[in-house]
């Protein structure tokens, strides 16, 4: 449970850092790519088990990390586009509701068994994500842009499902750090290629704020994945419990941080979402 709590804390910190990007005028794309470099280096430095990098291509999971790294960049850009057109609320709901994809995968592929209370908890979690993300004007979907949140939903779910798949079928405990580092390294390389292509249209500013923003983002980003892998390896919680608690707790904790740090105002639906978040976590984790 401690690993899951640490993963939630790190993931929630990512949202705080993103919020500060607007305040300090950090150029998001450059900071994102820097973050992947920092996350990769964090895995190399933190890894308690020495590893020969030249042996990476021979690992069965190596090419999977390349695919995940590419998917990280693609989904990030679709999320940004969806946020601009459909709004942050819609995109947030699409991202966090994606936990149902690895949950369904775990039930059918790994034969996870859910009791009645856990099923109710999962359903409450879906409602909690929706209500917590609502704003006064509601969730607005623009005609012709419905595919954006759908791709975010599908892509985010595939990423979580792939992480579980590699953790369960290919990784040993000692490989969690190097696996996470390789995923972020792949994302960084993809990001550099993307920057190179787009620099002709929109030059990026190499400045201290962008680099500092990437460092602030990269460290919690690495540990959010590392601790999630360890939580998925726990014998006390099944896959459904881990992903449900993880996503709902991130929504809950991020909302509370928004209130405490940024004086964000919640409407009645948001408070109902917070209440459902607590109930769903209790049902999935304890019943």
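The values are calculated or read from the model by the stated rules, or taken from the named source; none is laboratory data. Since the structure is predicted, the reported quantities are computational estimates derived from the model, not experimental observations. FYI the Cβ positions are ideal-geometry reconstructions off the backbone, even for glycines, and counts take in every protein chain you see.
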Exercise. Among the residues of region 38-60 satisfying the criterion of being closer than 10 Å to residue 182 by Cα and under 20 Å from the mean Cα position of the chain (by Cα), which is surrounded by the most Cβ atoms within 10 Å (Cβ to Cβ)?
Worked result: 39
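So that you can scan it fast, the table gives a plain yes or no per residue for (1) at pLDDT 90 or above; (2) assigned to a loop (DSSP other than H, G, I, E, B); (3) touching a helix residue (DSSP H, G or I) at 6+ places or on another chain (Cβ under 8 Å):
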{"site": "149", "(1), (2), (3)": "no, no, yes"}
{"site": "156", "(1), (2), (3)": "yes, no, yes"}
{"site": "161", "(1), (2), (3)": "yes, no, yes"}
{"site": "175", "(1), (2), (3)": "no, no, no"}
For this session: Take region 11-26 and flag every residue that is buried (at least 17 other Cβ atoms within 10 Å of the Cβ) and not in a helix (DSSP H, G or I).
Result: 26
Problem set entry | Qualifying residue in region 111-120 (condition: under 21 Å from the mean Cα position of the chain (by Cα) and crowded, with 18+ Cβ neighbours inside 10 Å) | no
Problem set entry | The listed residue being touching a residue at least 60 places away in the same chain (Cβ under 8 Å), surrounded by 21 or more Cβ atoms within 10 Å (Cβ to Cβ) and either outside any helix (DSSP H, G or I) or out of contact with any strand residue (DSSP E or B) (no Cβ under 6 Å at 6 or more places or on another chain) (or both), out of 192, 179 | 179
Problem set entry | Among the residues listed as 252, 237, the single one being more than 24 Å from residue 165 (Cα to Cα) and under 20 Å from the mean Cα position of the chain (by Cα) | 252
Problem set entry | Residues of region 44-72 satisfying the condition of being modelled with pLDDT under 85, touching a helix residue (DSSP H, G or I) at 6+ places or on another chain (Cβ under 7 Å) and in a helix (DSSP H, G or I) | 46, 56
Exercise. Just one of 133, 98 is modelled with pLDDT under 85 and within 21 Å of residue 280 (Cα to Cα); which is it?
Worked result: 133
Exercise. On the given criteria, is residue 234 within 21 Å of residue 103 (Cα to Cα), touching a helix residue (DSSP H, G or I) at 6+ places or on another chain (Cβ under 9 Å) and buried (at least 24 other Cβ atoms within 10 Å of the Cβ)?
Worked result: no
Problem set entry | Any hit, region 246-257, residues being free of Cβ contacts under 8 Å to residues at least 40 places away in the same chain, in a helix (DSSP H, G or I) and under 18 Å from residue 10 (Cα atoms) | yes
